[in-house]
Amino acid sequence: MTADQPKLIVEADAEALARAAAERVMARIAANPGQIAICLTGGSSPKKLYELLGSEAWRGRIPWDRVHWFIGDERFVPASDPLNNMAVARATFLDRNAPAEHIHPIPTASENPDCSAEAYARELQVFYGADRLDPARPLFDLVLMGAGPDGHTASLFPGYPELEETRRWVVGVPKANVSPFVPRVSLTLPTLASCREMLFQIAGQDKRPILTRLCNGENLPAVRAHSNGETVWLVDKAALPEDIREPR
Ligand code: 6PG
């Protein structure tokens, strides 16, 4: 991988990967003495990290009164539905620790995904204090990401028009490319890029085929998604393509 590509960090297994991710969360928090914005993700990949952050060993290290928690994409289902991404993060670690007003879910009680997207864009803009992203002032300290089997990330699917969005901060996605086949709401690539660090977590043998395609530089959403600052792919050995040696 070259310098303008993401930094690839290999961990032994999913547990070590979650610990490394938690250390990176702590490092980003430590680097900012003011108000901190972290954009979470859905799917199964971040669950171990969320459990760690809520555990006795880690929760005391987080200055909860200074951290705001957002989400990069949402399934257009009620907040009470187990498929709801923010509901998983809330149940796993946020509700027991974070002040309620620091948790920023994508609203899904709106009429349709486009209305949700508009409402969340406004919420992000109020938090940021402007409706234009300034490259010198990232929206998020950290954006967590995962990669789906088709190379999607957040709810930006290969070949879908939402992937090309450059103006709107958040978009409605009427149809998902993979299960669960519910409409989605997703931050767009420029919004996700407005961060100091974008951290992908990719673990397990099932991820090896898609990680192989991503490492080969296929023009897929997870390859196009990057931070204007640092982009890191945290992967475990089981997901690592055979022809890529562990970097030293
Ligand atoms: C979602 C996610 C999505 C996820 C990938 C990976 O709503 O599903 O935000 O982008 O990160 O699909 O999912 P897994 O972690 O379940 O493999």
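The values are calculated or read from the model by the stated rules, or taken from the named source; none is laboratory data. Worth saying up front: this structure is predicted, and the values here are computed from it rather than measured. Quick reminder, even Gly has a Cβ in these numbers, built from the backbone with ideal geometry, and neighbours come from all protein chains shown. Accessible surface is based on the protein model in full, side chains and every heavy atom, while ligands, DNA and RNA are left aside. Shrake-Rupley method; radii C 1.70, N 1.55, O 1.52, S 1.80 Å.
Some notes on this structure:
- Filtering Pro209, Pro221 for residues that are over 30 Å from Arg66 (Cα atoms), within 15 Å of the ligand (Cβ to nearest atom), modelled with pLDDT of 95 or more and open to solvent by 40 Å² or more (accessible area, probe 1.4 Å) leaves a single hit, Pro209.
- Matching residues in region 99-115 - criterion: being in contact with a Phe, Trp or Tyr (Cβ under 7 Å, 6 or more places away or on another chain) and touching a residue at least 60 places away in the same chain (Cβ under 8 Å): Ile106, Thr108, Pro113
- Candidate set: region 36-62, residues that are over 18 Å from Gly146 (Cβ atoms) and touching a strand residue (DSSP E or B) at 6+ places or on another chain (Cβ under 8 Å); chosen: the one nearest to the ligand (Cβ to nearest atom): Ala37
A quick yes/no check of all residues on (1) under 19 Å from the mean Cα position of the chain (by Cα); (2) closer than 27 Å to His226 by Cβ; (3) surrounded by fewer than 18 Cβ atoms within 10 Å (Cβ to Cβ):
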position: Arg59; (1), (2), (3): no, no, yes
position: Arg75; (1), (2), (3): yes, yes, no
position: Leu83; (1), (2), (3): yes, no, yes
position: Leu124; (1), (2), (3): yes, yes, no
position: Phe127; (1), (2), (3): yes, yes, yes
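- Filtered residues of region 224-248 (kept if modelled with pLDDT of 95 or more, out of contact with any Lys or Arg (no Cβ under 9 Å at 6 or more places or on another chain) and more than 16 Å from Gln5 (Cα to Cα)): Lys237
- If the condition is being charged (D, E, K, R) and over 27 Å from Lys175 (Cβ atoms), then region 101-149 contributes Glu101, Asp131, Arg132, Asp134, Arg137, Asp141.
- Residue list for region 85-111, filter: assigned to a loop (DSSP other than H, G, I, E, B) and either open to solvent by 70 Å² or more (accessible area, probe 1.4 Å) or away from the ligand (no atom under 14 Å from the Cβ) (or both): Asp95, Arg96, Asn97, Ala98, Pro99, His104, Pro107, Ala109, Ser110, Glu111
- Contact map, region 189-217: residues that are more than 29 Å from Pro135 (Cα to Cα) paired with residues that are in a helix (DSSP H, G or I) and not small (Gly, Ala, Ser), Cβ distance under 8 Å, separation 6+ or inter-chain. Pairs shown: Ala203/Leu17.
- So Pro33, is it open to solvent by 10 Å² or more (accessible area, probe 1.4 Å) and touching a helix residue (DSSP H, G or I) at 6+ places or on another chain (Cβ under 8 Å): no
- Tally, over region 183-206, of residues that are in contact with a helix residue (DSSP H, G or I) (Cβ under 9 Å, 6 or more places away or on another chain), open to solvent by 10 Å² or more (accessible area, probe 1.4 Å) and at negative phi: 4
- Contact map, region 121-150: first residue under 14 Å from Leu192 (Cβ atoms), second residue of a type in the set (A, V, I, L, M, F, W, C) and open to solvent by 60 Å² or more (accessible area, probe 1.4 Å), Cβ cut-off under 7 Å, separation 6 or more or different chains; the map is empty.
- Exactly one residue out of Asp114, Asp150, Asp141 is open to solvent by less than 20 Å² (accessible area, probe 1.4 Å), of a type in the set (D, E, K, R) and either more than 23 Å from Ile29 (Cβ to Cβ) or touching a helix residue (DSSP H, G or I) at 6+ places or on another chain (Cβ under 7 Å) (or both), and it is Asp141.
- Output for region 14-23, where each listed residue is away from the ligand (no atom under 16 Å from the Cβ) and surrounded by fewer than 19 Cβ atoms within 10 Å (Cβ to Cβ): Ala16, Arg19, Glu23
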